[in-house]
Amino acid sequence: MCQTSLVGIPQTLSPTRSHGGTCQRKSGNKALGSGWLGGKKRSPLQMLYDLDQGSSSALAEVHRQRRNLLRRACSRHTRRQRLLQPEDLRHVLVDDAHGLLYCYVPKVACTNWKRVLLALRSPGGADPQAIPAHQAHAPGRLPSLADFSPAEINRRLRAYLTFLFVREPFERLASAYRNKFARPYSAAFQRLYGTRIVRRLRPRPHPDALARGHDVRFAEFLAYLLDPRTRRDEPFNEHWERAHALCHPCRLRYDVVGKFETLAEDAAFVLGLVGAPGLRFPAPPPRAKAATAQDQAMRLFQDISPFYQRRLFDLYKMDFLLFNYSAPSYLRLH
């Protein structure tokens, strides 16, 4: 049995979707767009259903296992939750033409996924890599599921392939710090958040730091995250908000859980379901050999006390549990 109403109206059940796997879209569902929705070809969700029912590939089996692991983790670690409201779905982007719902998590290749979604919408089939980052992030370029009525939201949740990409939580957190607080091109972000951190946590700060917020230390950033006043004053910024809080994986049925660690393979899997295998997912920028994401995170965390490491792990624990990540070996949690 599959849940059909997740947003704004009471829950009912129907054999349209399932939590751990996929269910075939009912032919009587109201068409929401053109192409496959008009009956011309199979939808990405139907393509995944076919893989699940047939002799699937090894990669399809990996994704089936991830769905099952997520379902079991949700059952084990979450309690009864409130019904989602449309605004909770702000991070879920909609592609009506291809029947896709993508929940973006910052610092998990979301710029490139937005480029791909824009390229899919382009009549001439644009090269995703040629789309500037500022255009990919421009408000209004890609519709959000939050912009639709509850009935329209639920129709799309029943009929569309829903996917997200996640990342080892502390590597994502380290990436957010480096990108937003250790790069000169993030001056506006540093003035907004860096000055707030310096003002609250640094004794006798220099006037330049108070004005610019350009020299926030990693330990100060973590202390800001752990300070109860931070979330009491306003929600976490999306760059360090927990993935489960952005995408609600225990309330929405995700058909594909991609991982940053297997980005190329998982992106190709999604594009194959869409029917666009020739569309190349942008390659990540080249990295120095010694500067892997894990190494960078390890260097940042090595000077953080075990007490604060444990508190931070507890803060992000649900992302570790739901997405099957182990605690990093460099942490001193005991």
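The values are calculated or read from the model by the stated rules, or taken from the named source; none is laboratory data. Model, not experiment: these values are computed from the prediction. FYI the Cβ positions are ideal-geometry reconstructions off the backbone, even for glycines, and counts take in every protein chain you see. SASA here: full protein model, heavy atoms, side chains in, ligands and nucleic acids out. Shrake-Rupley method; radii C 1.70, N 1.55, O 1.52, S 1.80 Å.
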> Looking at the range 125-148, is at least one residue hydroxyl-bearing (Ser, Thr, Tyr) and open to solvent by 10 Å² or more (accessible area, probe 1.4 Å)?
Replying inline: no
>> Residues that are without any contact (Cβ under 8 Å) to a residue 12 or more places away in the chain and under 28 Å from Met318 (Cα atoms): does the range 172-180 have at least one?
In response: no
>> I'd like the residue in the range 149-169 that is farther than 22 Å from His239 by Cα and either surrounded by fewer than 16 Cβ atoms within 10 Å (Cβ to Cβ) or polar (S, T, N, Q) (or both) and, out of all such residues, is nearest to the chain's Cα centre (by Cα).
In response: Asn154
>> With the structure loaded, tell me whether Lys107 is surrounded by 16 or more Cβ atoms within 10 Å (Cβ to Cβ) and assigned to a loop (DSSP other than H, G, I, E, B) or whether it fails that test.
In response: yes
>> As an exercise: evaluate Ala243 against (1) among the small types (Gly, Ala, Ser); (2) surrounded by 14 or more Cβ atoms within 10 Å (Cβ to Cβ); (3) free of Cβ contacts under 8 Å to residues at least 40 places away in the same chain and give the number of the one condition it does not meet.
In response: (3)
> Restricting the search to the range 233-266, which residues are at pLDDT below 95, under 17 Å from Pro106 (Cα atoms) and of a type in the set (Asp, Glu)?
Replying inline: Glu261
> Which helices (runs of 4 or more DSSP H) sit wholly inside the range 125-210 and have at least 3 residues that are at pLDDT 95 or above and of a type in the set (A, V, I, L, M, F, W, C)?
Replying inline: 150-159, 169-181, 195-201
> Limited to the range 213-236, what total is found for residues that are assigned to a helix (DSSP H, G or I) and in contact with a Ser or Thr (Cβ under 7 Å, 6 or more places away or on another chain)?
Replying inline: 1
>> Need the failing condition index for Val270 against (1) part of a loop (DSSP other than H, G, I, E, B); (2) surrounded by 15 or more Cβ atoms within 10 Å (Cβ to Cβ), just the number.
In response: (1)
> Here is a list of conditions, (1) within 14 Å of the chain's Cα centre (by Cα); (2) under 30 Å from Leu48 (Cα atoms); (3) of a type in the set (Phe, Trp, Tyr); (4) assigned to a loop (DSSP other than H, G, I, E, B), and Trp240 meets all of them except one; can you say which number that is?
Replying inline: (2)
> Limited to the range 71-102, what total is found for residues that are in contact with a strand residue (DSSP E or B) (Cβ under 9 Å, 6 or more places away or on another chain), open to solvent by less than 10 Å² (accessible area, probe 1.4 Å) and part of a helix (DSSP H, G or I)?
Replying inline: 1
